[in-house]
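What follows is a set of notes on a single structure, which appears directly below.
What follows is calculated from the coordinates using simple rules that are stated; it is not laboratory data. None of the values given here were measured: they were computed from a predicted structure. So basically every Cβ, Gly included, is an ideal-geometry build from the backbone, and we count neighbours across all protein chains shown.
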Amino acid sequence: MASAAMPVSLTAAAAQKHERRRIGLSEVDRVLGGGLVPGAFVLLAGDPGIGKSTLLLQSASSFAENHGACLYASGEESLGQVAMRLRRLEPIGGQLLFLAETDVSAVEEQVAQVKPQLLVVDSIQSLHSPDSAALPGSPSQVRDCATRLLRVAKEVGVPTFLVGHVTKDGSVAGPRLLEHMVDTVLSLEGDPHSGHRVLRSTKNRFGSTDEIGLFQMTEKGLEGVPDASAALLAERRAGVPGSSVAAAVEGSRPLLVEIQALVSAAPAYGSPRRSVTGVDYDRTCLILAVLEKRAGLSLVSQDVFVNVPGGIKVTEPALDLGLALAVASSVREQALPADMACIGEVGLTGEIRGVPRLGARLSELGRRGFRRCLVPAGAGVAGGNGMSLVGVEHVHQAFEVAFADA
Ligand code: TYD
Ligand code: MG
């Protein structure tokens, strides 16, 4: 018979601080909320080839250097393959043990034997449990294996990373199946053609979920990008039509992004195209409709392409005004002033609405050398960093100010 749990003091437990151990990669630690607590059960989801194995190999070897032996169990790659990859990464001295295994009970056994400080399982879909007749990668196998590893993590207190491939065709069970079971869900995203990768947490029982980590994929693995705004604006050509700069906030960090729009005549047949990357598709359609109805822009027979260069996705309404101005700038073939940025949500009547954390956004813009910013009227912030602020009430008015030089 199972022993019944006893009630304990919740206030005493609340007063106790979680002991966190840093991985030693600042971008990963930030997203985790400062490191890993004992027994933390973390799922890392992402498309195949995005860099999950690379990130966890780097994390495990850094963790091993800081805290002692770690175990990397892989059902996907051989010792030779993983060793070759490790050779390309920055050499790190910690003790990192490798186990090529697809049987979850063998992984459990090795954890009991080795007592690693950290366990990485790459990937949960490649494991199978000998007690279950279902195929590896099937929902019941994935759930079974994860349940067993979860028990080990909590009993032994070993922090555990599970890799979960996101699959589009549904032939293998995806990470969604495990989200409710794990403490933390991280996802690694990015445009495979650009070097940037974003690490996000969508669930975190031990920290906040709105921090992001930014990386650059290099020949030496994933390198943290501490100055994200500089990296994202590095290739911007100021003073060209169809480009604006807006300030987003991700977690505790303001992040400057360029928004590009290209509006060009659609072919006479079929419906015009709306191609959107880096911002939300539905939000973009809404802004286009507002521009059509409230700002007199004719877009019905135009193809519209929107992109945020750098492979990052930003979904905040605070970027609406930047999006609206990039579109208008392309339609008019007129550039925005090179030192002007814009911040504001656009409402359905074309009004510019307030956004949170305006001060933080403005100081980041000032730091990057912007001198003028369109902001929601009545936001009541003083300009800092030598920045002059122009309060605008409506997209109409924003266009008047932004395109005044023509
Ligand atoms: P990988 O970590 O294997 O992706 P996942 O585990 O998510 O499937 O990384 C895949 C890509 O990363 C691969 O195409 C090669 C590239 N890469 C680099 O560019 N530099 C490196 O140092 C490493 C290790 C990989
Ligand atoms: Mg992999």
Which entries of Lys154/Lys203; Lys293/Lys313; Lys220/Lys313; Lys203/Lys313; Lys52/Lys154 have Cα-Cα distances beyond 20 Å here?
Lys293/Lys313; Lys220/Lys313; Lys52/Lys154
The local net charge around Ser187, scoring Lys/Arg +1 and Asp/Glu -1 for residues other than Ser187 whose Cβ lies under 12 Å from its Cβ, equals +3
Kirkwood Rh in Å, taken over all unlike Cα pairs in region 1-145:
17.0 Å
Residues other than Gly251 with Cβ under 14 Å of its Cβ, Lys/Arg counted +1 and Asp/Glu -1, net out at -2
Pairwise Cα inverse-distance average, inverted: Kirkwood Rh of the chain (Å)
23.4 Å
Enumerate the aspartates and glutamates that Lys115 could reach by cross-link, defined here as Cα to Cα under 15 Å, with residues fewer than 8 away along the same chain left out.
Glu155
Distance from the Cα centre of region 180-238 to that of region 327-367, in angstrom?
24 Å
Unit charges on C-beta of K, R, D, E only; dipole of region 75-233, Debye:
140 debye
In nm, give the distance between the simple-model label positions of Leu348 and Lys293, each being 7 Å from the Cα along the Cα-to-Cβ direction.
0.7 nm
Would you mind counting up the charge near Ser201? Only other residues with Cβ under 13 Å from its Cβ, with Lys and Arg at +1 and Asp and Glu at -1.
-4
